[in-house]
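Peer 1: Structure provided below as structure tokens; questions to follow.
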Amino acid sequence: MKVDKIIRNAKIFTSDKKNLLASALAVKDGKFVYVGDENGLSKYEGETQDLNGKFIMPGIIDSHVHVTMGAGYDLVGDFGKLIPCDSKQEVLDYIKDDIKKNPGLDRYRYRLHKKSLGDEDLTKEDLDAICPDGELQIQETQMHSIWVNSNILKKHGITDEIKDPVPGLSFYVRKDGHVTGEMSEGATELPVILDCAINKSDSEIDAAIKRWIDFCLDVGVTAVFDAGIPGYPEFHEYVYSRLLELDKQGKLPIYVDGCYVISAAWEVEKGLRELKRMQREYNSEHLRVHTLKLFMDGTLKLHSGAMVTPYDDTGDMGCTAMNLQETVDLLKVLNKEGFDFHVHTVGEASSRLVLDAVEQVRKELGDDFHVRVVSAHLQIQDSADLNRFAPLGVIANCTPWWHCDDVEIYKKLFGEQRGKKCYRCKSVWDSGALVSWSSDNIVYADFECWNPYLGMEAGMTRRITKKSKFTDPKVFPYVFPPEDELMTIEEMLLGYTINGAKQLGIEKTKGSIEVGKDADFLVFDNDLLTAEHEGFSNNLPEEIYFSGKKMDR
Ligand SMILES: [Zn+2]
């Protein structure tokens, strides 16, 4: 058979469990037509490359990223100065002084550690007094809350009558029934933070997307699940319209699996309607939308991750965006419509709720239940739930570069014992569940945290060292507990390839080097299976093939 390319004398990690290692492959019309040993090559003729033992793996699938939100942040550009103060008065004096030095700006942007305020609240009246004419926003450094002045509230139509997405989780802070200008969680704050991005031109959006594409081509990411933007569907869709256009022009060499985001039960109806429309409108070779994304809870450090056992330091429980019955009802509708479900589940109670809901629906529908349900983040889980993913067929999506952190923070949140039992991905994996890996970053910046080899390193070592390609001061002199949750390199590679493909529903065409699948593969100088784990984040492919075509980078 005449083929387009033959590779021989390589060490190929196929991600195909029936045939995990191979030494030769052949590609024709963008697909693998042969994968195996050298003996089987005799039937094929075409351009042949002897790789001298170089390592090959399938293209990487990052199964939870934020392409559209990252583009938005890229276009906003400046997050503002970090306010280096220790009391409310100092904060206000700092801003007042800074505005005086930089008069006439449309929007003044700052960042602030919440602890800088001590126990004091910052209100719109405080901010109006120092910035009566322009727009003033102060973003909390964890990026889960924001303070704004009245001009911004007015611009976004935020009045005392506005409905909270989820009281106690994603909401407008109120005092005596009046909004104070403080807002909590993405659905309320993101339209404010990203509002100027919606006015950017197509070519400016394309330039931001191009930066992300270049990064993917650098590291070998060939498919992603885009987890969207809570609260700001207009901009999210604007970016999809550009991705669609780029795909039509042949300029999208990455498969993007998209979603529509909701943050509350009362958004379900609109969410389903919009998802249906978007599935129709954004459907090209490398862009598809078939998933409803829900923020079931918030974030641990703000105590808005939902817990089975209360937070140790405050006694808070967090809360979920939906209850069991609402989740069961939603799963049934998604099943009927043929959609998939991706849920932000940080705390114990939100992943349990998803498992409980799937259990109930499976009891009723049995094999007629076909929704791919993904429970993402899984920062802390109740031990009783670790083994439930596999029998229920719920996919566990984890972000391994988080699996190394300051353990003291977790001990403070959850107590001495529970604080040392976070990120138990290996237990979930070993129970037989499908586990997929992701980078879950919301800001492009220099893409450092989007690096899949950083995820692999942290997944295998649960620590960042000086050898790691990572500038954040995350170096701790210990393996983040529990030490028996370390993953192997094979598990990291499978979770970043075939398991991601199964999550995205593209396992018939992508995720492994198998005959008939798209020829997406990466060539490395060094063997990832035997590479040092410390400093693994410095690996980079030498060549990248997308549908059999070598990518220019
Ligand atoms: Zn996310």
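Peer 1: Please list 173-180, 281-288, 516-523 highest first by mean number of surrounding beta-carbon atoms within 10 Å per residue.
Peer 2: Order by mean packing, descending: 516-523, 281-288, 173-180.
Peer 1: Taking 27 Å as the cut-off for C-alpha to C-alpha distance, list the pairs among 18/54; 124/163; 2/517; 270/517; 163/412; 115/474 that go past it.
Peer 2: With Cα atoms farther than 27 Å apart: 270/517; 163/412.
Peer 1: Give the average over all directions of the projected area of the C-alpha convex hull of the chain, one decimal, in nm².
Peer 2: 25.6
Peer 1: What value, in deg cm²/dmol to 500, does the helix sum -39500 (n - 2.57) over DSSP H runs of n ≥ 4 give at 222 nm once divided by the residues of the chain?
Peer 2: Calculated mean residue ellipticity at 222 nm is -9000 deg cm²/dmol.
Peer 1: On to the next question. Would you mind getting me the FRET efficiency between residue 538 and residue 21? Use the beta-carbon distance for r and R0 = 22 Å, nearest 0.05.
Peer 2: 0.35
Peer 1: Another question, if that's okay. Pull up the DSSP beta bridges for the chain and report the antiparallel fraction as a percent, rounded to 5.
Peer 2: That works out to approximately 40 percent antiparallel.
Peer 1: Hull surface divided by four, with the convex hull built on the Cα atoms of segment 84-202: how many nm²? Before the final figure, lay out each step's value.
Peer 2: Details: hull surface 32.1 nm².
Mean projected area for segment 84-202: 8.0 nm², to one decimal.
Peer 1: Quick one: Debye curve from the alpha-carbon atoms of segment 1-160 only, equal weights, vacuum; give me log10 I(q)/I(0) at q = 0.13 Å⁻¹ to two decimals.
Peer 2: -0.66
Peer 1: A follow-up question, please. Straight-line reach from residue 88: which aspartates and glutamates have Cα under 16 Å away, leaving out those fewer than 8 places along the same chain?
Peer 2: 97, 98, 119, 120, 121, 125, 126, 128, 140, 182
Peer 1: On alpha-carbon atoms, Rg over Rh for segment 461-521 using Kirkwood Rh?
Peer 2: Working: Rg = 16.1 Å, Rh = 14.0 Å.
We get a ratio of 1.15 for segment 461-521.
Peer 1: Expressed in nm to one decimal, what extension gain is obtained for the pair residue 128 and residue 416 from 0.36 nm per residue of sequence separation less their Cα-Cα distance?
Peer 2: Between residue 128 and residue 416, full extension yields 99.3 nm more.
Peer 1: Between residue 276 and residue 199, what is the FRET efficiency for a Förster distance of 22 Å, r being their Cβ-Cβ separation, to the nearest 0.05?
Peer 2: So the FRET efficiency works out to roughly 0.20.
Computed from the coordinates by the stated procedures, all read-outs in this text should not be read as laboratory data. It should be emphasised that the depicted structure is a prediction, and the values quoted were computed from it without experimental measurement. Note: ideal-geometry Cβ built from the backbone for every residue, glycine included; neighbour counts use all protein chains shown.
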